[in-house]
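Asks: Supplied in structure tokens, the structure appears directly below.
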Amino acid sequence: MPSRSRQEWIRLSMRTPGILIFGMVLAPCGLILNLTSTVAPNWRTLTEFQNRPADEFLQQGIWEVCRASSINTRIDCSLQDATYFQQQIIEVARGLMVASLIVTLVGLAVAIPGVRCWKDRPNWILAGLGGLLIFLSGVMTIIPIAWYTHIFRTIPTVSINTAAPPNPAVQVGYCIILGYIGGIFEILGGLVMFIGICRCCGGKNRGETRVEEVTGTRFRNQKRPTRRVEVPSLDRARSSASSSIPYSKDSMDEDVSFPRAKSTAARTVNTSNGGRPYDVDL
């Protein structure tokens, strides 16, 4: 066999590799969670206002501020809060969250043609680039979410003066939790898909095997066919008189596995002359 400078790899099945399935499942889930976190007005919740009903609370997002009540389901989202929306964290969060959604869609559009299970092998370049874009989109989600979580108690608002006592109770909204989960999903999914560009773990991460290993295993597993030798049976047929088991003549004849010699025909004696044989007969 001629020596090869590069090792040749082969895929033994057309099944999509597990790392691509993992990334293509987590990326859309992260996209949905990040979309909910972006448009929903609940990045933080303010309760226990002074001179306000006890059941009333305020929900603030990056696009609007809503007043709601725990008694009824009516929500008023027509509140204006210029002080809150002019904060740097709000402007940065708007830009990064929208950019994250766009980059995720672009990453999925690039990765889908590379993750085609009806081909012999995926296009690892396209799948890896799509995974890289999805990874970056997850990072762009985590940055504003983590920054907002770090300072969410000190963000000023004209709806209620957080610096004057008594301070209202400030709680983290569900958008922060969804943003964290969605960002982590995209980071993990994109990173795992990007790993597919590199052939590591002996090619197992890409579902590939070296050609030498495949051919060597086949030759080792091949067994030399055994030669069948037919040995004639030497068992003698028992006589019907000495055995307690009845045997028929036909069964004894069939038991012999080798051809028998033909018996010579009995000589006929010409007895037409008074029963005396001729000399020719003798």
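Here, each number is a calculation from the coordinates, and none is a lab measurement. Since the structure is predicted, the reported quantities are computational estimates derived from the model, not experimental observations. Reconstructed Cβ throughout: ideal geometry from the backbone, glycine too, with neighbour counts over all protein chains shown.
Asks: Among 134, 32, 62, which comes first, second and so on when ranked by fewest other beta-carbon atoms within 10 Å?
Replies: 32, 62, 134
Asks: Sticking with this one: Just rank 81, 76, fewest to most, by other beta-carbon atoms within 10 angstrom.
Replies: On the way: 81 17, 76 10.
Ordered by Cβ neighbours within 10 Å, fewest first: 76, 81.
Asks: Just want the ordering: 29, 175, 66, from fewest to most Cβ atoms lying within 10 Å of their own Cβ. List each step's numbers first, then the result.
Replies: Working: 29 14, 175 26, 66 17.
Fewest to most other Cβ atoms nearby, the residues stand as 29, 66, 175.
Asks: Amide H neighbours of residue 44 under 5 Å, at least 5 residues apart or on other chains, H built in the peptide plane: list them.
Replies: Placed amide hydrogens put 60, 173 under 5 Å from residue 44.
Asks: Convert 4 °C to kelvin, take the viscosity as 1.567 mPa s, use the Kirkwood radius over C-alpha pairs of segment 14-129 as Rh, and evaluate the Stokes-Einstein diffusion coefficient in µm²/s, rounded to a whole number.
Replies: Numbers: Rh = 17.3 Å.
Answer from the Stokes-Einstein relation: 75 µm²/s.
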